[in-house]
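> Got a structure for you, questions after.
The values are calculated or read from the model by the stated rules, or taken from the named source; none is laboratory data. What you see is a predicted model, and the numbers here were worked out from it, not measured in a lab. Counting neighbours? That spans all protein chains shown, and the Cβs are built from the backbone with ideal geometry, glycine included. Areas reflect the complete protein model, heavy atoms only, side chains present, ligands, DNA and RNA absent. Shrake-Rupley method; radii C 1.70, N 1.55, O 1.52, S 1.80 Å.
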Amino acid sequence: MATIRKRGKSYQIRASAGYDSTGQQIVKAMTWTPPDSLTPKQLEKELNRITVDFERRVENGQCIDSNIRFSEYAELWIKRGEAEGEKPLAPKTMDRYKALLVRINAAIGHIKLCDLQPHHIREFLDNLKEEGIREDITYTPAVDFPALLKKRKLTRPALAKTAHLADSTVYAACRGGSVSKSTAESMCSVLNLKLKDSFTPNETDGGKLSDKTVLHHYRLISTILNSAVVDDQALLSNPAKRVRPPHCERVEAQYLDEVQAAHMIELLSKEPMQYKTMVLLLLYTGMRRGELCGLEWKDIDLDNRTLSICRTSQYTPEKGIFVKGTKTASSVRTIKLPEIAVNLLRKYRTWQIEQRLAVGDQWEDNDRLYTSWNGKPAHPDTLTSWFEDFINRTDLPKIHIHSLRHTNATLMIAGGEDIRTVSRRLGHAQVTTTVNTYTHAIQSADAKAAETLENILDPMKKRA
């Protein structure tokens with residue numbers, strides 16, 4: 001029999017869930033706060049309904065105690081997301097959630113679900129917007145790592161493997177780039193160096209979080225609490241829904257115009273064959289980086305000039321490099337290649353065969369386009385690091401690897417291509433995604449269309 005105890009304006013409902021292995025009674029509890037609008041008779045009726053429903057769920061083993069702390073429930077939610085028996089969350093998504101939960105649990109993880117109020121969430125979000133909240137201070141090498149590795153007769157891949165780091169991360173450090181504190185510590189540990197003597201912290205780091213990152217924290221809290229309401233019925237309502245979502249300004253997609261894109265193609269002509277090919281494929285097709293890294297030769301029909309996208313290659317520290325399905329069902333697509341891309345791929349295939357013969361029996365046989373020196377699937381971040389270095393060596397705008405996708409779409413729309421065709425080639429689930437992302441290009445194309453129409457229909461211009 002459930003018991004009800006009034007606590008201020010709320011009611012605590014308790015019900016027995018049997019006994020544990022030591023003979024101790026297991027008691028589940030929930031807290032209900034009635035709306036102020038209820039009459040005494042309505043309150044009694046609603047309280048009775050909630051009590052009976054709660055007791056039934058406890059008897060059926062469907063109830064999680066609302067006294068569970070947020071951090072404990074979040075851990076349970078994460079485990080469900082990773083479970084093989086359910087539709088699992090993507091590994092990179094899971095990694096992102098775990099990273100966000102570090103800050104979230106530090107702020108509200110100790111609070112019981114039944115005690116979590118909107119003001120707790122608001123205070124946390126306000127704190128995220130303050131200066132100095134970032135903890136991801138990066139470190140710049142203070143020693144010549146390439147010379148040090150050469151002196152110790154140690155290769156960069158060997159250091160990466162021993163330190164359990166991605167080769168691209170060690171490559172960035174060897175080029176003088178900034179790395180995380182954990183990366184710096186791992187490298188120093190393997191090389192028997194002191195952190196303070198080998199790396200310099202970047203004092204400019206440690207500032208504010210971006211509006212988008214703050215919004216991601218809010219969304220994760222709301223998603224977890226919504227699961228507590230819908231899936232486990234540990235809460236009657238989601239307190240995050242009574243908090244206004246943080247404002248996030250839409251950031252215009254970075255892209256190159258047609259002149260800058262042509263200049264980039266010219267600059268790439270002097271770059272290594274593999275990187276040149278991968279960058280140009282991104283520009284010619286608009287595919288995502290993971291889709292490019294997952295491409296296999298069987299996906300390409302050079303005679304018919306088609307390319308099929310059906311998988312992505314990704315990396316997480318736990319899983320290493322792995323293959324998964326595309327971002328959405330609509331991301332599986334076959335697109336037509338321009339003749340220039342076909343010619344590029346023919347040359348690249350010849351180059352890759354030559355590389356395979358040069359390596360001999362060290363080459364690992366697979367069908368991937370983008371590989372490391374020994375034929376193994378290349379780390380996706382390697383291309384990103386190389387492209388960043390390439391951009392820094394040129395007079396091009398400071399774009400990133402994903403900007404090539406934006407450039408492809410922008411140039412197609414500006415050239416008068418139908419928006420549905422652009423959306424299909426990009427693999428967007430909805431045309432509205434394309435419209436919202438590339439508003440700038442659509443407005444530009446619309447202005448051009450208006451000018452064309454005026455030239456056709458204006459009688460004065462016709463006579464001129």
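> Across segment 258-292, what is the total count of residues that are over 17 Å from L307 (Cβ atoms) and of a type in the set (A, V, I, L, M, F, W, C)? Step through it out loud before you land on a result.
First, the residues of segment 258-292 that are over 17 Å from L307 (Cβ atoms): 258-276.
Of the ones still in play, those that are also of a type in the set (A, V, I, L, M, F, W, C) are 259, 261-262, 264-265, 267-268, 273.
Final tally of qualifying residues: 8.
> Hey, can you tell me all the residues within segment 187-237 that are in contact (Cβ under 8 Å) with a residue 60 or more places away in the chain and of a type in the set (A, V, I, L, M, F, W, C)?
F199, L209, V214, L220, I221, I224, L225, A228, A234, L235, L236 - these are the residues of segment 187-237 that are in contact (Cβ under 8 Å) with a residue 60 or more places away in the chain and of a type in the set (A, V, I, L, M, F, W, C).
> Taking segment 3-42 as the search range and keeping residues that are in contact with a strand residue (DSSP E or B) (Cβ under 9 Å, 6 or more places away or on another chain) and free of Cβ contacts under 8 Å to residues at least 12 places away in the same chain, which one is nearest to R69 (Cα to Cα)? Give the derivation first.
Here is the first cut: in segment 3-42, the ones in contact with a strand residue (DSSP E or B) (Cβ under 9 Å, 6 or more places away or on another chain) are 3-7, 10-20, 25-34.
Still in the running and free of Cβ contacts under 8 Å to residues at least 12 places away in the same chain: 5-6, 18-20, 25-26.
On the way: R5: 21, K6: 22, G18: 22, Y19: 22, D20: 20, Q25: 20, I26: 17 Å.
The residue in question is I26.
> Something else now. Collect the residues in segment 246-263 that are of a type in the set (D, E) and open to solvent by less than 80 Å² (accessible area, probe 1.4 Å), keeping them in residue-number order. So that I can check it myself, show each step before the final result.
Start the filter on segment 246-263 by keeping residues that are of a type in the set (D, E), which leaves 249, 252, 257-258.
Across segment 246-263, the qualifying residue is only D257.
> What helices (runs of 4 or more DSSP H), lying completely within segment 102-171, carry at least 2 residues that are at pLDDT 90 or above and within 22 Å of A74 (Cβ to Cβ)?
Ranges flagged: 118-128.
> Going by the structure shown, is S222 hydroxyl-bearing (S, T, Y) and at pLDDT 90 or above?
Details: hydroxyl-bearing (S, T, Y): yes; at pLDDT 90 or above: yes.
Criteria met by S222.
> Starting from segment 315-340, take each residue that is closer than 13 Å to P380 by Cβ and modelled with pLDDT of 85 or more and list its partners that are open to solvent by 90 Å² or more (accessible area, probe 1.4 Å) and outside any helix (DSSP H, G or I), counting only C-beta distances under 9 angstrom and pairs at least six apart or across chains.
Close Cβ pairs satisfying both conditions: I321/K376.
> Is it fair to say E318 is in contact with a Pro (Cβ under 9 Å, 6 or more places away or on another chain), open to solvent by 10 Å² or more (accessible area, probe 1.4 Å) and in a loop (DSSP other than H, G, I, E, B)?
yes
> Has segment 45-66 got at least one residue that is hydroxyl-bearing (S, T, Y), in a helix (DSSP H, G or I) and either open to solvent by 50 Å² or more (accessible area, probe 1.4 Å) or at pLDDT 85 or above (or both)? Step through it out loud before you land on a result.
Here is the first cut: in segment 45-66, the ones hydroxyl-bearing (S, T, Y) are 51, 66.
Those left that are additionally in a helix (DSSP H, G or I): 51.
Add one more test, that the residue is either open to solvent by 50 Å² or more (accessible area, probe 1.4 Å) or at pLDDT 85 or above (or both), and what stays is 51.
Looking for residues that are hydroxyl-bearing (S, T, Y), in a helix (DSSP H, G or I) and either open to solvent by 50 Å² or more (accessible area, probe 1.4 Å) or at pLDDT 85 or above (or both), one finds at least one in segment 45-66, hence yes.
> Still on this structure, I have one more. Collect the residues in segment 367-420 that are open to solvent by 60 Å² or more (accessible area, probe 1.4 Å) and not in a helix (DSSP H, G or I), keeping them in residue-number order.
W373, K376, R393, D395, K398, H400, H402, G415, G416, E417, D418
> Looking at this structure, is S227 crowded, with 17+ Cβ neighbours inside 10 Å, in contact with a strand residue (DSSP E or B) (Cβ under 8 Å, 6 or more places away or on another chain) and modelled with pLDDT under 95? Working first, answer last.
Details: crowded, with 17+ Cβ neighbours inside 10 Å: yes; in contact with a strand residue (DSSP E or B) (Cβ under 8 Å, 6 or more places away or on another chain): no; modelled with pLDDT under 95: yes.
No: the conditions fail for S227.
> Residues in segment 173-180: is at least one touching a Phe, Trp or Tyr at 6+ places or on another chain (Cβ under 7 Å), modelled with pLDDT of 90 or more and in a helix (DSSP H, G or I)?
First, the residues of segment 173-180 that are touching a Phe, Trp or Tyr at 6+ places or on another chain (Cβ under 7 Å): 173-174, 178-179.
Now drop any that are not modelled with pLDDT of 90 or more, which leaves none.
No, segment 173-180 contains no residue that is touching a Phe, Trp or Tyr at 6+ places or on another chain (Cβ under 7 Å), modelled with pLDDT of 90 or more and in a helix (DSSP H, G or I).
> Right, here's the next one. Counting only residues that are in contact with a Ser or Thr (Cβ under 7 Å, 6 or more places away or on another chain) and either surrounded by 17 or more Cβ atoms within 10 Å (Cβ to Cβ) or over 27 Å from R96 (Cβ atoms) (or both), how many does segment 185-217 have? Give the steps one after another, and end with the answer.
Taking segment 185-217 and keeping what is in contact with a Ser or Thr (Cβ under 7 Å, 6 or more places away or on another chain), we get 188, 190, 199-200, 202, 205.
Next cut, either surrounded by 17 or more Cβ atoms within 10 Å (Cβ to Cβ) or over 27 Å from R96 (Cβ atoms) (or both) only: 188, 190, 199-200.
Matching residues across segment 185-217 total 4.
> I would also like to ask the following. For segment 1-33, which residues satisfy the criterion of being open to solvent by less than 90 Å² (accessible area, probe 1.4 Å), part of a strand (DSSP E or B), at pLDDT below 80 and farther than 15 Å from L236 by Cβ?
Passing the criteria: A17, G18, I26.
> All but one of (1) in a helix (DSSP H, G or I); (2) modelled with pLDDT under 90; (3) open to solvent by 70 Å² or more (accessible area, probe 1.4 Å) hold for E266; state the number of the condition that does not hold.
Single failed check for E266: (2).
> Still on this structure, I have one more. Could you tell me whether segment 270-289 includes any residue that is over 29 Å from E72 (Cα atoms), part of a loop (DSSP other than H, G, I, E, B) and touching a His at 6+ places or on another chain (Cβ under 8 Å)? If you could, list the steps in order and put the result at the bottom.
Of all residues in segment 270-289, those over 29 Å from E72 (Cα atoms) come to 270-289.
The next check asks that each one be part of a loop (DSSP other than H, G, I, E, B); those that pass are 270-272, 286-288.
Then drop every residue that is not touching a His at 6+ places or on another chain (Cβ under 8 Å), which leaves 288.
So far as segment 270-289 goes, yes, one or more of its residues are over 29 Å from E72 (Cα atoms), part of a loop (DSSP other than H, G, I, E, B) and touching a His at 6+ places or on another chain (Cβ under 8 Å).
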